[in-house]
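What follows is one structure encoded as structure tokens, with my remarks underneath.
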Amino acid sequence: MGAIKSAIGDFVVTFMWVFCASTLGVITSIIGSKFGVEGLFFELFCMAFLILVLLFVFGPIGDALGGATFNPTDLVTFYAAGVRPQSLFSASLRLPAQAAGAAFGALAIMEVIPKQYKHMVIGPSLKVDLHTGAIAEGVLTFGITFLVLLIVLRGPKNALLKNWLIAMSTVALAFAGSAYTGPAMNPAIAFGWAYVDKRHNTWEQFYVFWVCPFVGAILSASLFRVVFPPPAKQKTA
């Protein structure tokens, strides 16, 4: 029953995250136009600030839903790092729930977004050859996974600073990967937008946006565990 509740929570949170996060580019553009500000620095800063706001909003929502998350790699990352136990049965329910939530979120935002902004609401897609894109997505997921583990488990205790560092890391790596895959660094979000574009059942989708991010996340979490081993459990007499 707990696994089913977790899957439902993941579906809800992923739906809401995709719906909201998809508008960040539009909001940034509107703010820039209103105040006459433009340029790469402004766009990156504004995106980071908006992601910070979303992290503060979604944190309590995820906690209220029993630790719900919108990224499938989070499940394997914290499991591989020895932080959060995860049963195979629970994962088998939560991963499809996240993918479904992302697909419904992408469909929903495309239905309600004003027509003049539709071209700005796009998901990750392969912009280079297959293997280059796969390597890029794996490396970027490796990077964001290690940074998130470092910030969450070894970073500052202040929640504002912690979330700001996560937001800045996300924006920086997203910018670095924009010419390769978008990037996604999140298999569920990649699937959601691929479903909208009817690309969800392709080898490209599976290889680039699912296999490589999971490999990157597991390798990153394994490295983190080597560098920062969890404390040894005390043996009871």
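The values are calculated or read from the model by the stated rules, or taken from the named source; none is laboratory data. Note that the structure is predicted; figures quoted are calculated from it, not measured. In this analysis, Cβ positions are derived from the backbone assuming ideal geometry, glycine residues included, and neighbour counts consider all displayed protein chains. When the accessible area is computed, the model is the full protein with side chains, heavy atoms only, and any ligands, DNA or RNA have been set aside. Shrake-Rupley method; radii C 1.70, N 1.55, O 1.52, S 1.80 Å.
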If you scan the range 157-204, which residues turn out to be without any contact (Cβ under 8 Å) to a residue 60 or more places away in the chain and either β-branched (Val, Ile, Thr) or under 18 Å from Phe11 (Cβ atoms) (or both)?
Thr181, Thr202
Being polar (S, T, N, Q) and part of a helix (DSSP H, G or I) narrows it down to one residue among Ser125, Ser178, Ser222; which is it?
Ser222
Within the range 72-101, the residues that are closer than 14 Å to Val148 by Cα and among the charged types (D, E, K, R) are Asp74
Ala103 - would you say it is in contact (Cβ under 8 Å) with a residue 12 or more places away in the chain and touching a His at 6+ places or on another chain (Cβ under 9 Å)?
yes
What number of residues within the range 1-40 satisfy the criterion of being in contact with a helix residue (DSSP H, G or I) (Cβ under 8 Å, 6 or more places away or on another chain) and in contact (Cβ under 8 Å) with a residue 24 or more places away in the chain?
25
Hey, could you check the range 140-157 for residues that are surrounded by fewer than 19 Cβ atoms within 10 Å (Cβ to Cβ) and at pLDDT 95 or above and say which is nearest to the chain's Cα centre (by Cα)?
Gly143
With criteria (1) in a helix (DSSP H, G or I); (2) open to solvent by less than 60 Å² (accessible area, probe 1.4 Å); (3) more than 21 Å from Ile122 (Cα to Cα); (4) touching a residue at least 24 places away in the same chain (Cβ under 8 Å), Ala68 comes up short on (1)
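Look at Gly59 and say whether it is modelled with pLDDT under 95, part of a helix (DSSP H, G or I) and touching an Asp or Glu at 6+ places or on another chain (Cβ under 9 Å). So that I can check it myself, show each step before the final result.
Values: modelled with pLDDT under 95: yes; part of a helix (DSSP H, G or I): yes; touching an Asp or Glu at 6+ places or on another chain (Cβ under 9 Å): no.
Spelling it out, it is not the case that Gly59 is modelled with pLDDT under 95, part of a helix (DSSP H, G or I) and touching an Asp or Glu at 6+ places or on another chain (Cβ under 9 Å).
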Please count how many residues of the range 4-50 are open to solvent by 20 Å² or more (accessible area, probe 1.4 Å) and part of a helix (DSSP H, G or I).
29
